[in-house]
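Report on the structure given below.
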(Lines give C-alpha, C1' and ligand atoms only; values in the text may rest on other atoms or scores of the structure.)
Protein backbone atom coordinates (compact mmCIF):
# COMPACT_ATOMS: atom_id res chain seq x y z
CA UNK A 1 0.00 0.00 0.00
CA UNK A 2 2.81 2.39 0.92
CA UNK A 3 4.70 1.45 -2.23
CA UNK A 4 1.59 2.09 -4.34
CA UNK A 5 1.10 5.44 -2.65
CA UNK A 6 4.74 6.40 -3.32
CA UNK A 7 4.50 5.47 -6.99
CA UNK A 8 1.24 7.39 -7.35
CA UNK A 9 2.73 10.45 -5.68
CA UNK A 10 5.80 10.36 -7.90
CA UNK A 11 3.61 10.04 -10.99
CA UNK A 12 1.43 12.91 -9.88
CA UNK A 13 4.43 15.16 -9.25
CA UNK A 14 5.95 14.19 -12.61
CA UNK A 15 2.85 15.10 -14.59
CA UNK A 16 2.27 18.25 -12.56
CA UNK A 17 5.84 19.36 -13.22
CA UNK A 18 5.75 18.77 -16.93
CA UNK A 19 2.27 20.21 -17.35
CA UNK A 20 3.68 23.49 -16.04
CA UNK A 21 7.19 23.50 -17.46
CA UNK A 22 6.61 21.83 -20.84
CA UNK A 23 4.57 24.76 -22.09
CA UNK A 24 5.95 26.67 -25.04
CA UNK A 25 4.83 30.11 -26.02
CA UNK A 26 3.51 32.98 -23.96
CA UNK A 27 2.24 33.07 -20.39
CA UNK A 28 0.11 35.64 -18.61
CA UNK A 29 2.27 38.70 -17.96
CA UNK A 30 4.69 38.00 -20.82
CA UNK A 31 5.30 40.60 -23.50
CA UNK A 32 4.12 39.28 -26.85
CA UNK A 33 6.35 39.59 -29.91
CA UNK A 34 5.31 41.92 -32.68
CA UNK A 35 5.10 40.63 -36.23
CA UNK A 36 4.71 41.72 -39.82
CA UNK A 37 2.15 39.63 -41.68
CA UNK A 38 0.28 40.00 -44.96
CA UNK A 39 -3.36 40.98 -44.76
CA UNK A 40 -6.00 39.98 -47.31
CA UNK A 41 -5.56 43.42 -48.92
CA UNK A 42 -1.96 42.48 -49.78
CA UNK A 43 -0.45 44.94 -47.32
CA UNK A 44 1.74 43.97 -44.36
CA UNK A 45 0.68 44.94 -40.85
CA UNK A 46 2.41 45.09 -37.49
CA UNK A 47 0.97 45.83 -34.06
CA UNK A 48 3.30 48.81 -33.69
CA UNK A 49 1.71 50.39 -36.77
CA UNK A 50 -1.72 50.62 -35.17
CA UNK A 51 -2.56 53.99 -33.68
CA UNK A 52 -4.87 54.87 -30.80
CA UNK A 53 -5.25 51.33 -29.50
CA UNK A 54 -5.56 50.30 -25.87
CA UNK A 55 -5.04 46.61 -26.57
CA UNK A 56 -5.26 43.87 -29.15
CA UNK A 57 -7.52 40.84 -29.52
CA UNK A 58 -5.18 38.43 -31.31
CA UNK A 59 -7.26 35.56 -32.66
CA UNK A 60 -5.67 32.55 -34.36
CA UNK A 61 -8.38 31.19 -36.63
CA UNK A 62 -8.91 29.79 -40.12
CA UNK A 63 -11.43 29.06 -42.87
CA UNK A 64 -11.76 25.31 -42.56
CA UNK A 65 -12.07 24.37 -38.90
CA UNK A 66 -15.77 23.82 -38.03
CA UNK A 67 -15.23 25.31 -34.57
CA UNK A 68 -13.53 28.39 -36.01
CA UNK A 69 -16.41 28.80 -38.47
CA UNK A 70 -18.93 28.60 -35.62
CA UNK A 71 -17.08 31.44 -33.90
CA UNK A 72 -16.84 33.76 -36.92
CA UNK A 73 -19.97 35.76 -36.14
CA UNK A 74 -18.96 36.07 -32.50
CA UNK A 75 -15.52 37.33 -33.49
CA UNK A 76 -17.15 39.88 -35.81
CA UNK A 77 -19.41 40.99 -32.96
CA UNK A 78 -16.43 41.34 -30.61
CA UNK A 79 -14.61 43.55 -33.09
CA UNK A 80 -17.70 45.67 -33.73
CA UNK A 81 -18.23 46.10 -29.99
CA UNK A 82 -14.67 46.78 -28.88
CA UNK A 83 -12.67 48.18 -31.82
CA UNK A 84 -14.02 51.69 -31.31
CA UNK A 85 -13.12 51.37 -27.63
CA UNK A 86 -9.51 50.65 -28.54
CA UNK A 87 -9.51 46.85 -28.70
CA UNK A 88 -9.57 45.65 -32.33
CA UNK A 89 -9.58 42.02 -33.42
CA UNK A 90 -6.52 40.93 -35.37
CA UNK A 91 -7.25 37.53 -36.89
CA UNK A 92 -4.35 35.33 -37.97
CA UNK A 93 -4.57 32.17 -40.07
CA UNK A 94 -1.72 29.87 -38.94
CA UNK A 95 -2.52 26.82 -41.08
CA UNK A 96 -0.31 25.42 -43.83
CA UNK A 97 -2.34 25.44 -47.07
CA UNK A 98 -0.42 22.41 -48.35
CA UNK A 99 -2.12 20.49 -45.55
CA UNK A 100 -5.41 22.43 -45.72
CA UNK A 101 -5.88 23.94 -49.21
CA UNK A 102 -9.00 25.72 -47.98
CA UNK A 103 -6.75 27.87 -45.80
CA UNK A 104 -4.71 29.32 -48.66
CA UNK A 105 -4.27 33.07 -48.93
CA UNK A 106 -6.66 33.21 -51.90
CA UNK A 107 -9.30 31.31 -49.93
CA UNK A 108 -8.80 33.69 -47.01
CA UNK A 109 -9.75 36.56 -49.32
CA UNK A 110 -12.85 34.69 -50.47
CA UNK A 111 -13.97 33.89 -46.92
CA UNK A 112 -13.37 37.41 -45.69
CA UNK A 113 -15.50 38.77 -48.51
CA UNK A 114 -18.26 36.23 -47.86
CA UNK A 115 -18.44 37.16 -44.18
CA UNK A 116 -17.56 40.85 -44.59
CA UNK A 117 -14.81 40.61 -41.98
CA UNK A 118 -14.39 44.10 -40.46
CA UNK A 119 -10.97 43.23 -39.02
CA UNK A 120 -7.51 42.41 -40.32
CA UNK A 121 -7.16 38.81 -41.50
CA UNK A 122 -3.45 38.04 -41.62
CA UNK A 123 -1.58 35.02 -42.97
CA UNK A 124 1.14 33.39 -40.84
CA UNK A 125 2.62 31.96 -44.02
CA UNK A 126 5.99 30.98 -42.54
CA UNK A 127 4.31 29.63 -39.39
CA UNK A 128 6.59 31.58 -37.06
CA UNK A 129 4.04 33.67 -35.18
CA UNK A 130 1.68 31.03 -33.80
CA UNK A 131 4.43 28.96 -32.07
CA UNK A 132 5.93 32.14 -30.61
CA UNK A 133 2.56 32.87 -29.03
CA UNK A 134 1.90 29.27 -28.10
CA UNK A 135 -1.32 28.94 -30.06
CA UNK A 136 -2.44 25.34 -30.45
CA UNK A 137 -6.02 25.58 -31.72
CA UNK A 138 -8.24 27.47 -34.09
CA UNK A 139 -9.63 29.55 -32.54
CA UNK A 140 -7.13 30.50 -29.82
CA UNK A 141 -7.18 34.06 -28.48
CA UNK A 142 -4.57 36.25 -26.79
CA UNK A 143 -5.69 39.53 -25.26
CA UNK A 144 -2.83 42.03 -25.08
CA UNK A 145 -2.72 45.46 -23.50
CA UNK A 146 -1.25 48.44 -25.38
CA UNK A 147 2.25 47.43 -24.23
CA UNK A 148 1.74 43.96 -25.76
CA UNK A 149 1.56 42.29 -22.34
CA UNK A 150 -0.62 39.17 -22.29
CA UNK A 151 -3.63 39.69 -20.03
CA UNK A 152 -5.86 36.80 -21.10
CA UNK A 153 -5.42 33.71 -23.27
CA UNK A 154 -7.54 30.74 -24.24
CA UNK A 155 -11.16 30.36 -25.32
CA UNK A 156 -13.63 33.01 -26.44
CA UNK A 157 -16.44 31.62 -24.32
CA UNK A 158 -17.71 28.36 -22.83
CA UNK A 159 -19.87 27.04 -25.67
CA UNK A 160 -18.38 26.61 -29.12
CA UNK A 161 -21.46 24.95 -30.60
CA UNK A 162 -24.28 27.25 -29.54
CA UNK A 163 -23.83 30.98 -29.10
CA UNK A 164 -27.27 31.26 -27.53
CA UNK A 165 -26.25 28.82 -24.78
CA UNK A 166 -23.08 30.67 -23.71
CA UNK A 167 -22.95 31.34 -19.97
CA UNK A 168 -19.31 32.44 -19.60
CA UNK A 169 -18.03 35.12 -21.98
CA UNK A 170 -14.37 34.78 -21.04
CA UNK A 171 -12.85 37.09 -23.63
CA UNK A 172 -15.45 39.85 -23.39
CA UNK A 173 -15.23 39.74 -19.61
CA UNK A 174 -11.45 40.03 -19.81
CA UNK A 175 -11.67 43.07 -22.07
CA UNK A 176 -14.23 44.68 -19.77
CA UNK A 177 -11.91 44.08 -16.82
CA UNK A 178 -9.00 45.77 -18.60
CA UNK A 179 -11.18 48.73 -19.44
CA UNK A 180 -11.90 49.10 -15.72
CA UNK A 181 -8.23 48.80 -14.82
CA UNK A 182 -8.77 45.35 -13.32
CA UNK A 183 -7.13 41.99 -13.88
CA UNK A 184 -9.15 39.47 -15.88
CA UNK A 185 -10.48 36.56 -13.85
CA UNK A 186 -9.99 33.96 -15.14
CA UNK A 187 -6.85 35.09 -16.94
CA UNK A 188 -6.57 31.85 -18.91
CA UNK A 189 -8.83 29.07 -20.12
CA UNK A 190 -8.40 26.07 -22.37
CA UNK A 191 -8.73 26.86 -26.06
CA UNK A 192 -11.22 24.64 -27.86
CA UNK A 193 -11.00 23.98 -31.58
CA UNK A 194 -9.04 22.23 -34.31
CA UNK A 195 -5.32 21.60 -34.11
CA UNK A 196 -3.13 23.94 -36.13
CA UNK A 197 -2.01 22.30 -39.37
CA UNK A 198 1.79 22.37 -39.52
CA UNK A 199 4.09 22.15 -42.46
CA UNK A 200 5.28 18.62 -43.17
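Of note:
- Here is the figure for segment 64-115: residues that are surrounded by fewer than 16 Cβ atoms within 10 Å (Cβ to Cβ), in contact (Cβ under 8 Å) with a residue 40 or more places away in the chain, in contact with a helix residue (DSSP H, G or I) (Cβ under 8 Å, 6 or more places away or on another chain) and more than 20 Å from residue 191 (Cα to Cα) total 3.
- Condition check for residue 90 on (1) within 18 Å of residue 149 (Cα to Cα); (2) in a loop (DSSP other than H, G, I, E, B): one failure, at (2).
- Answer residue from segment 26-57, given it is closer than 16 Å to residue 84 by Cα and not in a loop (DSSP other than H, G, I, E, B) and is farthest from the chain's Cα centre (by Cα) among those: 55
- Segment 51-63, residues that are crowded, with 24+ Cβ neighbours inside 10 Å and either within 13 Å of residue 141 (Cβ to Cβ) or free of Cβ contacts under 8 Å to residues at least 12 places away in the same chain (or both): 57, 58, 59, 60, 61
- The set of residues in segment 132-182 that are under 21 Å from residue 55 (Cα atoms), assigned to a helix (DSSP H, G or I) and either touching a residue at least 40 places away in the same chain (Cβ under 8 Å) or touching a helix residue (DSSP H, G or I) at 6+ places or on another chain (Cβ under 7 Å) (or both) comprises 132, 133, 171, 172, 175, 178, 179.
- Test result for residue 144, under 19 Å from residue 47 (Cβ atoms), surrounded by fewer than 22 Cβ atoms within 10 Å (Cβ to Cβ) and modelled with pLDDT of 95 or more: no
The values are calculated or read from the model by the stated rules, or taken from the named source; none is laboratory data. Treat the numbers as computed from the prediction; the structure is a model and nothing was measured. Quick reminder, even Gly has a Cβ in these numbers, built from the backbone with ideal geometry, and neighbours come from all protein chains shown.
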